[in-house]
Amino acid sequence: MPEKPYDFNQIELKWAERWADGGLYRAEENSAKPKYYVLEMLPYPSGALHIGHIRNYSIGDALARHQWMRGYNVLHPMGWDAFGLPAENAAMANKTPPGEWTRLNIAKMKKTHRRFAFSYDWDREVTTCEPEYYRWNQWFFLKMLERGLAYRKKALVNWCPQCATVLANEQVVDGCCWRHETTVVEQRALEQWFLKITAYADQLLDDMKQLEGGWPDRVLAMQRNWIGRSEGAEVDFAIDAPHTPPVRVFTTRIDTIYGATCLIVAPEHPLVAQADAQGQARAKAMIDARASQGPGEVEKEGFFTGIYAVNPFSQERIPVWTGNFVLMGYGTGAIMAVPGHDERDFEFCQKYEIPIRPVIRPMDGGLASPVGMTGAFCDYGIVENSGRWSGMTSEEARIAMAAHAKQHGFGESAITFRIKDWGISRQRYWGTPIPVIHCPSCGTVPVPESDLPVRLPEKVDITGEGRSPLENVPEFVNVKCPKCGGAARRETDTMDTFVDSSWYFYRYCDAHNATAPFDSANIDYWFPIDQYIGGVEHAILHLIYSRFWTKVMRDIGLIANSEPVKKLFTQGMVIRNGEKMSKSKGNVVPADEVVEKFGADAARLFALFAAPPEKDVDWIDTGIEGIARFLGRIYRFTTRNTPPTPGDGTADTEVLRKLHQTLRKITEDFDSRWHFNTSIAAMMELLNQLYAHEAQISAGAKAQVIEILSLMLAPFAPYLAQELWEEQGRPGPIHKEPWPAYDPELARESEAEIVVQINGKNRSKLTVAPGTDKETLERLALADEKIMSLLDGKTVVRVIVVPDKLVNIVVR
């Protein structure tokens, strides 16, 4: 048959239309097959997909298609993380209601997903801004409220005095409001709702053992650091002022307490209220400055409050300072500064000329002199100048001193965590309403479950001013108390959007259930997720929150598993012009433009070919052009050889060997490291060999090669693979065909090239049969003419042989 030109647009649109009914990728119910749940993190519907998104989805899609071909019942769903601040910003900019803007974007992005032929089970689609979904956010909140896991307290928020509204962290630019560039953002204390994630801190840490080997070490390390478990002691320092309660500090090094030369408290600490007016003003300035500073950016600053504390061990009177680096939310909001044995304290005390007093010496050395110290001694050692505890090791003193504090009622051993309870209150419109009512008689009253969902009102004026747009909707705010029937006010805060993404992957398993979040039997079958794919930037928020949510659902009795995800893969970014692709930088490559110019298969294949999936990809237009040519060559070879034209058969063995070596490589790549770039490169090498020996390949060998090449291509380029399958007269969807098995004998190399070295330097090469034993390789190397001449006059000390790799002759 004459070859056909490769018209990717005609081919892809033909199959897109045939696959449009959406049932092609539907997961089976009540299947006896082994299950495989593969998932990419759901996107925010911002309006358009770019090539960075395509890379993420192409990785998951290749895996899903391959697992179908391996005989699994595959669940591969998609949904939309649809609440959030950008929709409110768009509403103000475009005078478009957030719901309308969001749903238009979803329709646009879903159209692109379909054009790229991503194999999603659209029957299970989840959209988090729909009442059918967020009613269960509210139901979970009520369950946590019942168990004491949801509570309300005052907490600091970013406040723009000109807007008279709360700002998200993203809306604070260089310490100022994003709308009013010269208005300095303040910190204000408002009543906020929290979820008690700290109640699960130990479990979150301990259960990481279940994730080792399946999650990247980097992510586990980030989570351990974020949870931040510290063992130490809490100690009360009396305040030298009438009617003032003691200040409790947490320390991991109570053995150094005789070296404490001051206390440092957070600027929000209640003790600061006793400072003079100037001190209180300085503390407020520190608090407000936090709005523009990350923890790594803070230059340590402080001031003396005029207050003194008493060391409960030494009875020494020491000054109390306020420091901008001490956080009220970590530990107790107060620390004892021991500059002789803590680098941070050393830096602060040296800056403000606070005394430095070493009290720990090295195990085999003397006690440092405070004069001329250039840094703190932070290791354990021998305690000195510390009363009855002098002479003890640090380990002994930590135990004995904590026991002494407990015995005398001014302290005890303690464990603290860096992770703090999750503040979920947002003074926003576009989020899940928090289902509580505030009654002047009954207090805070949960909305009855029968009244869920508490729906967002549709017509809301969003101005960006005031505490929350919902406060200006009387029909939403003014309600009757469910307890007493009196006049009451509905909560106007909405939930953090991380709530939506903390459990969405469970809803995929039972997306249309109207009576429960999901049927537990479905979760028993599908969970845990076999493979989750997304960016490493979600390591310490979404991935911790979702683990917490899973444990809460387990304790409620909804599920049996303690962890949601068996394996996590964090893909690299797509960069352009040296920077991460983003709208703000103007370097986005829109997916729709790429598909129009090169086709979906070429875009998917390039995203997988340009680098290993865990590495960043530098987008280069010429790179995708080469991929498009490769797909065209496959198509032309197949169409002109269907039915196969006969050759003389002299190249059959060589070509079939290359075919099975390629198949082995791709199979092993899917089973292990996912180096799809080398899988695609192997197919390119195979195609080059087919072109080079086309006239020497028999009709039977060509038919076998074309069939297996089509199957190998199916996970990566589904449109072309399906077209080639049809060209061969084969029925049905190719991704439901069995993955071919390679022949181990054919996949073996016919020859192995052995490097021969002398003292580690390459000197010659041998060509032998694969698997040649060590003794034979040593004998052949020593008999090699070039090697023999180089060994003349030298003594062979030993010979190192690595079969199929090298022979290294060590001489002197």
Anchor LYS483: aspartates and glutamates whose Cα lies under 14 Å away (excluding residues fewer than 8 positions away in-chain): GLU449, ASP451
Can you give the FRET efficiency to the nearest 0.05 for LYS14 and THR645, using r as the Cβ-Cβ distance and R₀ = 30 Å? 0.70
Roughly how many whole Å is it from the C-alpha centroid of the range 75-105 to that of the range 322-338? 40 Å
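Can you tell me, using C-alpha contacts under 8 Å and at least 6 residues apart, the relative contact order of the chain as a whole percent? Mind dumping the intermediate values first?
Values: 1469 pairs, mean separation 118.6, N = 812.
About 15 percent, as a whole number.
Might you tell me the accessible area per residue for the range 1-100, computed with a 1.4 Å probe and given in Å²? Each step should come with its number before you reach the end.
On the way: 3810 Å² over 100 residues.
With all protein chains present, the range 1-100 gives 38 Å² per residue.
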If each part is reduced to its alpha-carbon centroid, the range 454-477 and the range 632-696 end up apart, in Å, by 62 Å
Taking the range 1-121 and dividing mean pair separation by its residue count, relative contact order in percent (alpha carbons under 8 Å, at least six apart): 37 percent
Taking a ≥ b ≥ c as the square roots of the Cα gyration tensor eigenvalues, with a/c under 1.5 meaning rounded and otherwise prolate when a/b beats b/c or oblate if not, the range 581-655 comes out prolate
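If a/c stays under 1.5 just call it rounded; otherwise compare a/b with b/c (prolate if a/b is bigger, oblate if not). Do that for the range 202-331, with a ≥ b ≥ c from the square roots of the Cα gyration tensor eigenvalues. Let's see the in-between values first.
Working: a/c = 2.95, a/b = 1.62, b/c = 1.83.
Oblate is the answer for the range 202-331, as a/c is 1.5 or above yet b/c matches or exceeds a/b.
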Note on the range 469-510: the mean projected area of its alpha-carbon convex hull, in nm², is 4.7 nm²
Length gained if ASP379 through ALA273 is fully extended, taking 0.36 nm per residue and subtracting the Cα-Cα distance, is 34.5 nm
Within the chain, the percent of DSSP beta bridges that are antiparallel, given to the nearest 5, stands at 75 percent
Would the range 42-99 count as rounded, prolate or oblate if I go by the C-alpha gyration tensor, calling it rounded below 1.5 in a/c and otherwise prolate when a/b exceeds b/c, oblate otherwise? prolate
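Hey, with R₀ at 35 Å, roughly what FRET efficiency would ILE620 and ASP792 work out to, going by the Cβ-Cβ distance, to 0.05? Please list the in-between numbers first.
On the way: r = 52 Å, r/R0 = 1.49.
Plugging the Cβ-Cβ distance into 1/(1 + (r/R0)^6) gives 0.10.
Per residue, how much accessible area does the range 653-804 have with a 1.4 Å probe, in Å²?
Values: 7080 Å² over 152 residues.
It amounts to 47 Å² per residue over the range 653-804.
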What list of whole percents do you get for P(r) of the range 730-812, with Cα-Cα distances grouped in 5 Å bins up to the one holding the largest distance? 3, 13, 22, 17, 10, 7, 5, 5, 5, 5, 4, 3, 2, 1, 0
At THR653 and SER450, where each label point lies 7 Å from the Cα along Cα→Cβ, what is the point-to-point distance in nanometres? 8.3 nm
Calculate how steeply helix 8-18 sits against the longest principal axis of the alpha-carbon atoms of the chain, using the helix alpha-carbon long axis, and give the answer as 0 to 90 degrees to the nearest 10. 70 degrees
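Give me the one-decimal Kirkwood hydrodynamic radius in Å for the range 280-430, with the sum taken over alpha-carbon pairs.
18.0 Å
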Principal axis dimensions, largest first and in whole angstrom, of the range 614-755 by Cα: 45, 44, 31
Cross-link reach list, lysines versus LYS566, counting only Cα pairs under 29 Å and skipping chain neighbours closer than eight places: LYS33, LYS35, LYS110, LYS143, LYS196, LYS209, LYS420, LYS551, LYS580, LYS615, LYS665, LYS736
15 Å beta-carbon shell around THR772, net charge (K/R +1, D/E -1): -3
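Restricting to Cα pairs below 8 Å that are 6+ residues apart, what does the relative contact order work out to for the range 266-391? Please round to a whole percent. Mind dumping the intermediate values first?
Numbers: 173 pairs, mean separation 23.6, N = 126.
Result for the range 266-391 is 19 percent.
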With Cα coordinates, the longest principal axis of the chain makes an angle with the long axis of helix 621-640, in degrees rounded to 10, of 40 degrees
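Could you please state how large a percent of the accessible area of the chain is carbon and sulfur, counting protein chains only and using a 1.4 Å probe? Don't skip to the end; give the middle numbers.
Numbers: 17590 of 35140 Å².
Of the solvent-accessible surface of the chain, carbon and sulfur hold 50 percent.
For the range 495-570, what does the accessible surface come to per residue with a 1.4 Å probe? Please give it in Å².
Values: 2130 Å² over 76 residues.
Here the residues of the range 495-570 average 28 Å² of exposed surface.
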Report the gain in length on full extension from LYS111 to ALA783: 0.36 nm times residue separation, minus Cα-Cα distance, nm rounded to one decimal. 235.2 nm
In degrees rounded to 10, the 0-90 angle between helix 718-727 Cα long axis and the longest Cα principal axis of the chain is 20 degrees
SER314 paired with THR515, simple spin-label distance in nm, labels 7 Å along Cα-to-beta-carbon: 7.0 nm
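Full extension from ARG418 to LYS35: what is 0.36 nm times the residue separation minus their Cα-Cα distance, to one decimal in nm?
Numbers: separation 383, 0.36 × 383 = 137.88 nm, distance 3.77 nm.
Gain in length upon complete extension: 134.1 nm.
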Going by Cα centres, the range 532-572 and the range 762-800 are how many Å apart? 55 Å
Keeping all protein chains in place and using 1.4 angstrom, which order do SER58, SER562 fall into by accessible surface area, from largest down? SER562, SER58
Within straight-line cross-link reach of LYS300, lysines at Cα separation under 18 Å, skipping those fewer than 8 residues along the same chain: LYS284, LYS351
Select from the range 2-105 those chymotrypsin sites (Phe, Trp or Tyr not before Pro) which occupy a DSSP coil region and have at most 11 other Cβ atoms within 10 Å, ordered by residue number. none
Inter-label distance for GLU28 and GLU471, nm, one decimal - labels placed 7 Å from Cα along Cα-to-Cβ: 5.7 nm
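222 nm [θ] for the chain, helices only, -39500 (n - 2.57) per DSSP H run of 4+, per residue, to 500? Could the numbers behind the result be given before it?
Numbers: 24 runs with 278 residues, N = 812.
Mean residue ellipticity, 222 nm, calculated: -10500 deg cm²/dmol.
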If I take all pairs of Cα atoms in the range 432-575, what percentage of them are more than 27 Å from each other? 42 percent
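For every other residue with a beta carbon closer than 13 angstrom to the beta carbon of ASP524, add +1 if it is Lys or Arg and -1 if Asp or Glu, then tell me the sum.
Overall, the nearby charge balance is 0.
The values are calculated or read from the model by the stated rules, or taken from the named source; none is laboratory data. Computed from a predicted model, the values in this text were never measured in an experiment. Cβ sites come from the backbone with ideal geometry, for glycine too, and all protein chains shown count toward neighbours. Surface areas here come from the heavy atoms of the whole protein model, side chains and all, with no ligands, DNA or RNA. Shrake-Rupley method; radii C 1.70, N 1.55, O 1.52, S 1.80 Å.
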